[in-house]
1. State, to one decimal in nm, how far the label point of Tyr6 lies from the label point of Leu82, with both points 7 Å from Cα in the Cβ direction.
2. Which whole-number percentage describes the relative contact order of the chain, with Cα contacts under 8 Å and a sequence gap of 6 or more?
3. Need one number: nm distance between label points at Gln132 and Trp39, each 7 Å from Cα along Cα→Cβ, rounded to one decimal.
4. Using 17 Å as the cut-off for backbone N distance, which residues of the range 17-49 belong to the label zone defined by a point 7 Å from the Cα of Arg65 along Cα→Cβ?
5. Ala44: net charge of surrounding residues, Cβ under 13 Å, Lys/Arg +1, Asp/Glu -1, itself excluded?
6. Tell me which residues come under 5 Å, amide H to amide H, from Ala105 once H is placed; ignore anything under 5 positions away on its chain.
7. Calculate for the chain the 222 nm mean residue ellipticity that helices alone would give, adding -39,500 (n - 2.57) per DSSP H run of length 4 or more and normalising by residue count, nearest 500 deg cm²/dmol.
8. Hey, can you rank 133-140, 60-67 by average C-beta count inside 10 Å, highest first?
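Nothing in this text is a laboratory measurement; each read-out follows from the coordinates by a stated rule. Remember, it's a predicted structure, so these values are computed and weren't measured experimentally. Positions of Cβ are backbone-derived with ideal geometry, glycine not excepted, and every protein chain shown enters the neighbour counts.
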Amino acid sequence: MSTQTYANHGHRPVYTLVATAFWVVAVIGLVGMRRGEAWGDEAAALGLLGAIFCLISISRLYITRLQDRIIVLEEQIRAERLLSPASLAQWRGLGVKQIVALRFASDEELAALTARAAGESLKPDAIKRAVQHWRADHRRT
């Protein structure tokens with residue numbers, strides 16, 4: 001991930017702009033339908049379906065990103081409570097997806113699995129497969 005500065009910190013809601021463009025197409029299509037244009041109903045349907053698809057995708061993306069942020073905070077508290085300073089330093093070097101995968105590890109295996117994840121650059125799926133004593137997460141959406 002690149003370093004964030006004042007110049008590049010802004011959020012650019014590309015998906016929202018795409019959904020807005022589809023909505024505009026839908027409105028133009030509805031106007032065309034009202035005027036009896038042959039292309040009106042197709043444009044309205046395309047715009048409406050495109051906007052709905054974009055909005056569903058946006059909601060899923062935002063929900064997952066928000067949950068990842070919350071999981072990282074929860075796991076940070078857990079790591080600070082359970083890990084030695086050396087293991088905690090390794091944990092802090094992990095990526096978000098790796099930390100999210102480590103949430104399934106039991107307290108007893110967290111330190112060893114953190115060391116493996118950091119040392120072997122394990123991908124999230126490999127981390128989950130390495131968990132011996134699974135901690136369930138029934139709250140994930």
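1. Placing both labels 7 Å beyond Cα along the Cβ direction yields 4.2 nm.
2. On the way: 142 pairs, mean separation 23.6, N = 141.
Here the relative contact order equals 17 percent.
3. 6.6 nm
4. Within reach of a label on Arg65: 17-20.
5. Values: positive: Arg34, Arg35; negative: Glu37, Asp41, Glu42.
Local net charge: -1.
6. Correct list: Arg135.
7. On the way: 6 runs with 96 residues, N = 141.
Calculated at 222 nm, the ellipticity per residue is -22500 deg cm²/dmol.
8. Details: 133-140: 9.6, 60-67: 11.9.
The packing order, highest mean first, is 60-67, 133-140.
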